[in-house]
Amino acid sequence: MKQYLSSEHFVIPAKAESNSCRINLRHGGWTPTFAGVTKIGKMSAMTSREEFTARCKERILVFDGGYGTAIQRHKLQEADYRGDLELTKDQKGNNDLLSITRPDIIGAIHDAYLEAGADMIETNTFSSTRVAMADYGCEHLVRQINLESAELARACADRAEAKDGLKRFVAGSIGPTNKTLSLSPDVNDPGYREIDFDTLKADYREQCDALIEGGVDFLLIETIFDTLNAKCAAMAAQEAAAASGRDVPLMISMTITDMAGRNLPAIRCRVSGTASAMRSR
């Protein structure tokens, strides 16, 4: 799990393993001190942006952890991923598809992180764009995957809130895709691109529209490695938010590569007013 040490202006994450975090939260005597009953009641009228920002001023915030590793523990087979869908390609490893075919597993992972004390969970949609789903022949399922993933995460967060009155946030996970707008995959043709800006933006927009419809509080563009891809996704996210008529803050987690070609810590920065944070990986 990922912890965020908070102040009024920024959020600094402290890295911790899931099990140790559970010990700290459940057995180490740490108790959420956010606001108390009176303030929680006042918070209910706030937007997600306002409530998240206010919570950051009060205490450490806890994000969820990895989904890929959590899914691997179930040792799923092809039939688990495929379900009753008629698909032409093998689906084993298509973790996002499990939101449709095995929502019980994804829901259980959400619930485990929430029970351990997470303030925010992600949707299981890291690769749920047409360009990424093309590897599995699942482009036609993109909207359904994003919508049902968001609804599933929202339901889990709302159940946790119903137990103690403390709002849990849902971030719509948007991965970097397997294409880059800035670089050519062919060293012999540096001007070549596998995808153009408008096509990728349309893919991101489809994902963002479904995530927002499904009830996410934020959109999270994560582990993005290409600043042009990030710009493309951010534009799609802002357009989708505007079209929805909702205030949907945007978070970005970027992987920065230095001149030596090494991966540096990702930075979760403030976009359109969202509280900023820096995450070390």
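The values are calculated or read from the model by the stated rules, or taken from the named source; none is laboratory data. As the structure is a computational prediction, the values presented were derived from the model and not from experiment. Cβ atoms come from the backbone with ideal geometry, glycine included; neighbour counts cover every protein chain shown. The area values use the complete protein model at the heavy-atom level, side chains included, leaving out ligands, DNA and RNA. Shrake-Rupley method; radii C 1.70, N 1.55, O 1.52, S 1.80 Å.
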| query | Taking the stretch 121-140 only, how many residues are open to solvent by less than 10 Å² (accessible area, probe 1.4 Å) and part of a helix (DSSP H, G or I)? | reply | 1
| request: State yes or no: is Val216 in contact with a helix residue (DSSP H, G or I) (Cβ under 7 Å, 6 or more places away or on another chain), touching a residue at least 60 places away in the same chain (Cβ under 8 Å), assigned to a helix (DSSP H, G or I) and not hydroxyl-bearing (Ser, Thr, Tyr)? | output: no
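Residues are listed down the side, and each one gets a yes or a no for (1) under 23 Å from His140 (Cβ atoms); (2) under 18 Å from the mean Cα position of the chain (by Cα); (3) of a type outside the set (Ser, Thr, Tyr); (4) in a loop (DSSP other than H, G, I, E, B):
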site	(1), (2), (3), (4)
Thr180	no, no, no, yes
Leu183	no, no, yes, yes
Glu194	yes, no, yes, yes
Asp198	yes, no, yes, no
Ala202	yes, no, yes, no
Gln207	yes, yes, yes, no
Ala210	yes, yes, yes, no
Glu222	no, yes, yes, no
Ala233	yes, yes, yes, no
| note | For the stretch 70-96 the number of residues that are within 22 Å of Ala160 (Cβ to Cβ) and surrounded by 14 or more Cβ atoms within 10 Å (Cβ to Cβ) is 2
| said: Can you confirm whether Ala132 is under 21 Å from Met251 (Cα atoms) and in contact with a strand residue (DSSP E or B) (Cβ under 9 Å, 6 or more places away or on another chain)? | reply: no
| remark: Per the filter on the stretch 49-91, residues of a type in the set (S, T, N, Q) and farther than 23 Å from Met133 by Cβ are Thr53
| request: Would you be able to tell me the number of residues in the stretch 103-112 that are buried (at least 19 other Cβ atoms within 10 Å of the Cβ) and more than 14 Å from Gly68 (Cβ to Cβ)? | output: 1
| field | Condition broken by Arg168, with the remaining ones in (1) under 18 Å from Ala230 (Cβ atoms); (2) charged (D, E, K, R); (3) at pLDDT 95 or above; (4) touching an Asp or Glu at 6+ places or on another chain (Cβ under 7 Å) satisfied | value | (1)
| Is it true that Ala118 is buried (at least 23 other Cβ atoms within 10 Å of the Cβ) and farther than 18 Å from Ile174 by Cβ? | yes
| Hey, among Met235, Met278, which residue is surrounded by fewer than 21 Cβ atoms within 10 Å (Cβ to Cβ) and at pLDDT 90 or above? | Met235
| So Lys167 fits all but one of (1) open to solvent by 60 Å² or more (accessible area, probe 1.4 Å); (2) closer than 27 Å to Gly68 by Cα; what number is the exception? | (1)
| query | Could you count how many residues in the stretch 172-202 are open to solvent by less than 70 Å² (accessible area, probe 1.4 Å) and basic (Lys, Arg)? | reply | 2
| message | Checking the structure you have, find out if any residue of the stretch 55-69 is under 17 Å from Ser149 (Cα atoms), assigned to a loop (DSSP other than H, G, I, E, B), open to solvent by less than 20 Å² (accessible area, probe 1.4 Å) and out of contact with any Ser or Thr (no Cβ under 7 Å at 6 or more places or on another chain). | response | yes
| Just one of the numbered conditions (1) of a type outside the set (S, T, N, Q); (2) at pLDDT below 95; (3) open to solvent by 10 Å² or more (accessible area, probe 1.4 Å) is not true of Arg205; which one? | (2)
| Only one residue in Ser99, Ser48 is buried (at least 17 other Cβ atoms within 10 Å of the Cβ) and either over 20 Å from Asp217 (Cβ atoms) or at pLDDT 95 or above (or both), so which one is that? | Ser99
